[in-house]
Every structure is written in structure tokens, then in C-alpha cells.
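> I have a structure here, written as C-alpha cells, and I will follow up with some questions on it.
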Amino acid sequence: MEKKIVVSGMRPTGRIHLGNYWGALKNYIKLQDEYECYFFVADWHALTTASERAPLRENSLLMVADWLSAGLDPNKCTIFRQSDVRYHAELALMLGMITPISWLFRNPTFKEVLVEIYRQKYKGQEDKMKKSEGAMDAMASSHGFSDEENMALNSELSNYGFLGYPVLQAADILLYGASYVPIGKDQLPHLEMTREIARRFNHIYKTKVFTEPQPLFTSAAVLPGIDKRKMSKSYGNTVELSDYGSALEAKIKKMFTDPQKLRANDKGNPDGCVVFAFHKLYNPNSALRERECRDGAIGCGACKKHLYELINPEMEKMAANREKYSGKLELVEEILQEGAKKACARAALTMEKVAREAKLI
Ligand code: SF4
């Protein structure tokens with residue numbers, strides 16, 4: 001029986017951290033055995049944000065080296081870089097021709113990011129903030145920039161690429177005839193946009209060329225950073241997938257714990273303790289650890305040491321796998337090129353159908 005197709009991409013952030021691993025990569029590794037998977041480096045998407053523009057090529061290679069060291073297998077799935085498959089841009093252009101601008105302004109991410117920009121810009125200036133929020137609504141309903149000054153506030157994100165990224169995202173998915181896209185519940189509006197674009201194209205051209213992809217809700221876990229905030233490189237609070245041994249131990253030692261638990265036999269509260277958040281994922285007896293903490297039967301030092309013992313073997317294994325690519329990123333490049341060939345072959349079939357439906361050929 002033919003396997004269903006799964007497509008997913010990740011922005012190239014360089015070395016990935018355990019938040020990325022538990023949030024997406026672990027699922028990729030599982031999915032590659034069950035589906036025909038296309039996993040890509042979303043390097044064109046990264047161009048919407050200047051901070052991510054930096055060394056995109058190197059970051060892509062480092063990220064894929066981490067994918068491989070964690071167990072993603074190019075013999076089981078297709079791994080490639082978005083910009084190596086030019087059909088993504090071609091299909092995005094075609095889909096852009098039929099996507100109403102109003103849909104893009106309604107995109108929750110676009111609205112949220114802009115509102116956040118206004119919030120920071122107008123901190124403490126309520127009247128201006130209100131005016132900006134009003135402008136946001138006007139934008140969404142009038143399909144246009146009702147206030148040029150508002151859009152000029154942040155030139156980094158007030159570009160077509162950021163507004164139009166759901167169209168590129170739709171192209172990424174529809175190009176491969178994906179049946180499923182692995183997402184968290186919060187990403188459902190994005191997938192819905194892809195489904196709407198597919199439906200609209202099919203309706204306009206009276207065709208069934210696009211399959212509407214379904215969400216594949218995965219049991220992704222959210223890991224906090226060592227300081228309890230969201231794990232993010234920009235906060236400098238990550239545990240990298242490449243950390244093991246003393247580097248890992250040092251990070252675990254710095255993890256935020258219950259500040260009220262000063263002595264080993266003080267009763268503690270594991271809720272909000274970063275070490276315990278990790279125990280929940282790595283320790284099959286985390287319920288016992290919770291009781292021990294609450295009863296004051298273990299100290300934070302011992303609890304952290306135990307966590308290190310739980311995590312380090314897996315991290316050491318990944319480090320050994322990564323050794324193969326250390327200083328030899330050209331091996332990763334070869335894998336990406338092979339993947340691009342496979343992805344191109346599949347994408348070309350879709351693009352030919354699309355061009356036929358649009359009477360371009
Ligand atoms: S004993 Fe463990 S779970 Fe409890 S506060 Fe300390 S580190 Fe956190």
C-alpha cells in the first residue's frame with residue numbers, strides 16, 4: 001500500500017536545541033517510518049526576518065547535521081533545502097495570483113507580530129497604541145494599508161514576504177500532495193489557510209489538482225529554557241542538541257528550581273521548576289520524583305545530578321553520530337543535493353499539472 005505523504009519544514013537556525021528536538025524533530029524521526037516524508041530547510045522563509053538572514057547556508061548545514069545525528073535517515077525520508085527546489089517559488093507565485101489579500105491580513109501571526117511591534121514602540125502611550133490597534137482592524141477590513149505610518153514602523157516585517165508567507169507555505173505543502181502536516185493545535189489557522197488556498201485554486205480552475213492536507217496532531221512537548229522562559233537562542237537559555245558531558249552538566253546546574261527550597265530536606269514545589277519539566281520527559285518515574293520533592297526527600301543538587309544521568313547517554317550517542325559530519329559539512333551538502341533531486345522530481349509533476357490547469361502549456 002502506498003504511504004501517505006507528510007511535509008514539514010524548519011527555519012535554519014543553526015545548531016538546534018532540545019526545545020526544537022522535543023517540539024518537532026523527535027516526531028520527524030518517528031514519522032519517517034510511517035509515511036513518505038519530505039522534510040525541508042525553510043531558508044526562503046527565514047529571509048522574512050533580518051535576524052535570521054545571517055549565515056543561512058551554514059546554519060542550514062549545521063541544522064541538518066543535527067537532524068541526521070538525532071536519527072533522521074535520508075534513506076527513509078527526503079531531506080532538502082527549500083531554495084534548491086525552485087518549484088516552491090513558482091508555485092507560490094501561481095497561488096499568489098488567486099489568494100485574496102484580505103486572507104493574508106487576517107492571518108493571526110501577521111496581526112500578532114504587528115500588534116507586538118506597536119506595543120513595544122508605544123509602551124506607556126495608550127492613545128497611540130489604541131490608534132495602532134484601530135489601524136490594524138482597518139487594515140484587515142479594508143485590504144490595504146489605511147495608515148502608511150503604521151506600516152513603516154517596522155520595515156523589517158512590513159514587507160510583502162512577511163505578509164505573503166502563508167502563500168509560500170501553501171506552496172511548500174501542496175507541491176508534494178501532502179496528506180498530512182505535523183502541527184501543534186496553535187498552528188491550525190496556518191494549515192487552514194493552505195487548505196483554503198488549495199480549495200480556491202481547485203474551484204477557480206475546476207480541477208482536483210490539489211489535495212487538502214489534514215493536520216497530524218503530534219504529541220510535541222514544550223521544554224522551558226534553563227531560566228524558565230521559553231527556550232530560545234535569543235534568550236541564551238538553551239540546551240543544545242550538541243551539549244553533552246561537562247557542557248550539559250554545567251547547563252543543568254544552572255537550571256531554575258524552586259527558590260523556596262534552600263536545603264535538601266526543605267519541602268519543594270516542582271511546579272515551575274525547570275529541572276522537573278525535564279524529568280517529566282526523561283524520567284519514567286517522574287511521579288515518584290514529584291512526591292520526593294514535595295516531601296523534602298531529595299535535594300535539588302541530587303535531583304539535577306540524576307537528570308544529567310538520564311539525559312547524557314542519549315546526547316553522547318547523538319554527539320558520536322554528529323562526529324561523522326564534524327568539519328565535513330560537505331557530506332551534509334551531498335545529502336541535501338540528493339534530497340533536492342528527489343523533491344524536484346516530485347514537485348515537477350505537480351507543477352506540470354498546475355501549468356496545464358492554468359492553460360500555460
Ligand atoms: S528537588 Fe528537583 S524538582 Fe524539586 S525543586 Fe529541586 S530540582 Fe526541582
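The values are calculated or read from the model by the stated rules, or taken from the named source; none is laboratory data. Owing to the predicted nature of the structure, the values given are computational and were not obtained by experimental measurement. Every residue, glycine as well, gets a Cβ built from its backbone with ideal geometry; the counts of neighbours run over all protein chains shown.
Here is a yes/no grid of residues against (1) under 17 Å from L336 (Cα atoms); (2) of a type in the set (S, T, Y); (3) buried (at least 22 other Cβ atoms within 10 Å of the Cβ); (4) at pLDDT 95 or above:
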{"position": "Y38", "(1), (2), (3), (4)": "yes, yes, yes, yes"}
{"position": "D66", "(1), (2), (3), (4)": "yes, no, yes, yes"}
{"position": "A70", "(1), (2), (3), (4)": "yes, no, no, yes"}
{"position": "D73", "(1), (2), (3), (4)": "yes, no, no, yes"}
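> Under 18 Å from N159 (Cα atoms) and touching an Asp or Glu at 6+ places or on another chain (Cβ under 8 Å): is that true of T99 in this structure?
For T99, the condition - under 18 Å from N159 (Cα atoms) and touching an Asp or Glu at 6+ places or on another chain (Cβ under 8 Å) - is not met.
> Going through segment 330-354 one residue at a time, which ones are free of Cβ contacts under 8 Å to residues at least 12 places away in the same chain and over 18 Å from R15 (Cα atoms)? Lay out the reasoning, then the answer.
At the first step, the residues of segment 330-354 found to be free of Cβ contacts under 8 Å to residues at least 12 places away in the same chain are 330-331, 334, 341, 345, 349, 352.
The answer is E334, K341, A345, L349, E352.
> Pick from G23, G71: which is at positive phi and in contact (Cβ under 8 Å) with a residue 40 or more places away in the chain?
Within the list G23, G71, the selection yields G71.
> Only one residue in A355, A319, A343, A348 is of a type in the set (A, V, I, L, M), within 30 Å of V239 (Cβ to Cβ) and out of contact with any Pro (no Cβ under 6 Å at 6 or more places or on another chain). Which one?
Exactly one residue qualifies, and that residue is A319.
> If you don't mind, another one. Please give the number of the condition G327 fails out of (1) crowded, with 17+ Cβ neighbours inside 10 Å; (2) closer than 27 Å to Y244 by Cα; (3) among the small types (G, A, S).
(1)
> Could you run through segment 211-261 and say how many residues are away from the ligand (no atom under 16 Å from the Cβ) and part of a strand (DSSP E or B)?
Qualifying residue count for the region: 6.
> Let me confirm something: among L31, L18, which residue is farther than 25 Å from Y87 by Cβ, in contact (Cβ under 8 Å) with a residue 60 or more places away in the chain and buried (at least 21 other Cβ atoms within 10 Å of the Cβ)?
When all the criteria are applied, what remains is L18.
> If I go through segment 200-210 residue by residue, how many of them are surrounded by 18 or more Cβ atoms within 10 Å (Cβ to Cβ) and part of a loop (DSSP other than H, G, I, E, B)?
In the first step, residues of segment 200-210 are kept if they are surrounded by 18 or more Cβ atoms within 10 Å (Cβ to Cβ); the result is 201, 210.
Of the ones still in play, those that are also part of a loop (DSSP other than H, G, I, E, B) are 210.
Matching residues across segment 200-210 total 1.
> A further question on this structure: What do you reckon, is A340 surrounded by 14 or more Cβ atoms within 10 Å (Cβ to Cβ), in the same structural domain as Y21 (by TED's automatic domain parsing) and either near the ligand (Cβ under 9 Å from one of its atoms) or hydrophobic (A, V, I, L, M, F, W, C) (or both)? So that I can check it myself, show each step before the final result.
On the way: surrounded by 14 or more Cβ atoms within 10 Å (Cβ to Cβ): yes; in the same structural domain as Y21 (by TED's automatic domain parsing): yes; either near the ligand (Cβ under 9 Å from one of its atoms) or hydrophobic (A, V, I, L, M, F, W, C) (or both): yes.
Yes, satisfied.
> Among (1) at pLDDT below 65; (2) within 23 Å of A42 (Cβ to Cβ), there is one condition G184 misses while meeting the rest; what is its number?
With respect to (1) at pLDDT below 65; (2) within 23 Å of A42 (Cβ to Cβ), G184 is out only on (1).
> Being part of a strand (DSSP E or B) and out of contact with any Cys (no Cβ under 6 Å at 6 or more places or on another chain) is the filter here, so list the residues in segment 1-38 that pass it.
So in segment 1-38, the residues part of a strand (DSSP E or B) come out as 5-10, 17, 36-38.
Residues satisfying the conditions are I5, V7, S8, G9, M10, H17, E36, Y38.
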